[in-house]
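The values are calculated or read from the model by the stated rules, or taken from the named source; none is laboratory data. All figures in this text were calculated on a predicted structure; none of them were measured in a lab. When we count neighbours, we look across all protein chains shown, and the Cβ atoms used for this are built from the backbone with ideal geometry, even at glycine. SASA here: full protein model, heavy atoms, side chains in, ligands and nucleic acids out. Shrake-Rupley method; radii C 1.70, N 1.55, O 1.52, S 1.80 Å.
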Amino acid sequence: MTHELTTELKEEALRIGFDKVGIAPAISPPGYPAFLSWLQSGHAAGMSYLERQAEARSHPEHVYEGFVRS
């Protein structure tokens, strides 16, 4: 993403009312293996949706149809 596009996106978000804006790369989260371990240890308690949606949290390609890894 170019610096110019990043600046434009941030300016537009602020213009429409966002208080803060950030841009981050669409990558696998570095803490994902620890999250899986946490789930397997039973710490999710009654939050069963965390296990059901675990794959979606592994990488943006699982929630954004058409995502292309670069």
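Where only protein heavy atoms count, and the probe is 1.4 Å, what is the accessible area per residue for the chain in Å²? Show your work: numbers first, answer last.
Numbers: 5860 Å² over 70 residues.
Per residue, the chain has an accessible area of 84 Å².
Starting from the residue with the highest accessible area, list 10, 20 in decreasing order, probe 1.4 Å. Write out the running numbers ahead of the final one.
Details: 10 75, 20 175 Å².
Ranking 10, 20 by accessible area, largest first, yields 20, 10.
Among 58, 37, 28, which one shows the biggest mean-square fluctuation in a GNM of the chain, springs joining Cα atoms closer than 10 Å?
Of 58, 37, 28, the Gaussian network model singles out 37 as fluctuating most.
Using the Kirkwood formula on the Cα atoms of region 1-43, what hydrodynamic radius do you get, in angstrom to one decimal?
Final number for the Kirkwood radius of region 1-43 is 13.1 Å.
Count neighbours as other Cβ atoms within 10 Å of each site's Cβ, and list the chymotrypsin sites (Phe, Trp or Tyr not before Pro) in region 1-62 that are DSSP loop with at most 14 such neighbours. Don't skip to the end; give the middle numbers.
Working: sites: 18, 35, 38, 49; in loops: 18.
Here the sparse-neighbourhood loop sites are 18.
Given the options 22, 42, 31, state which has the largest fluctuation in a GNM of the chain using a 10 Å cut-off (strictly under) for Cα springs.
So, out of 22, 42, 31, the one fluctuating most is 22.
Got a sec? What order do 69, 52 fall in by accessible area at 1.4 Å, biggest, i.e. largest, first? Can you show the working numbers first?
Numbers: 69 140, 52 170 Å².
Sorted by accessible area, descending: 52, 69.
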